[in-house]
Amino acid sequence: MLLLHEGHTDQQIAEQLYLGIRTVEREIGRLMELAGTRTRFSLGATASRLGWLHSPTPAVTGR
């Protein structure tokens, strides 16, 4: 979700996550359905409002 919010294309997201483009397209469609939105822009706004956007927890370094 964060990659989408940052403005990456479906292809860029697929490459970064080592997924197929169709998998990414289906997941974005599923998220849009869950959020009740019809556009990628409104999905981002709704995701932000619902608290779906967050940075990954940093790894513990053991120091």
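Residue check: is T46 β-branched (V, I, T), modelled with pLDDT of 90 or more, surrounded by 10 or more Cβ atoms within 10 Å (Cβ to Cβ) and part of a loop (DSSP other than H, G, I, E, B)? Step through it out loud before you land on a result.
On the way: β-branched (V, I, T): yes; modelled with pLDDT of 90 or more: yes; surrounded by 10 or more Cβ atoms within 10 Å (Cβ to Cβ): yes; part of a loop (DSSP other than H, G, I, E, B): no.
In short, no.
Just name the residue that is surrounded by the most Cβ atoms within 10 Å (Cβ to Cβ) out of those in the range 9-37 that are in a loop (DSSP other than H, G, I, E, B) and out of contact with any helix residue (DSSP H, G or I) (no Cβ under 7 Å at 6 or more places or on another chain).
Step one: filter the range 9-37 for residues in a loop (DSSP other than H, G, I, E, B), giving 9, 18-20, 36-37.
Of the ones still in play, those that are also out of contact with any helix residue (DSSP H, G or I) (no Cβ under 7 Å at 6 or more places or on another chain) are 9, 18-19, 36.
On the way: T9: 12, Y18: 6, L19: 14, G36: 9.
Checked the range 9-37; the qualifying residue surrounded by the most Cβ atoms within 10 Å (Cβ to Cβ) is L19.
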Handout entry: Where L53 falls short, out of the listed (1) outside any helix (DSSP H, G or I); (2) within 12 Å of the chain's Cα centre (by Cα); (3) surrounded by 16 or more Cβ atoms within 10 Å (Cβ to Cβ)
Key = (3)
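The values are calculated or read from the model by the stated rules, or taken from the named source; none is laboratory data. Bear in mind the structure is a predicted one, so any value in this text is a computation, not a measurement. As a convention, Cβ positions derive from the backbone with ideal geometry for all residues, glycine included, and neighbour counts pool all protein chains shown.
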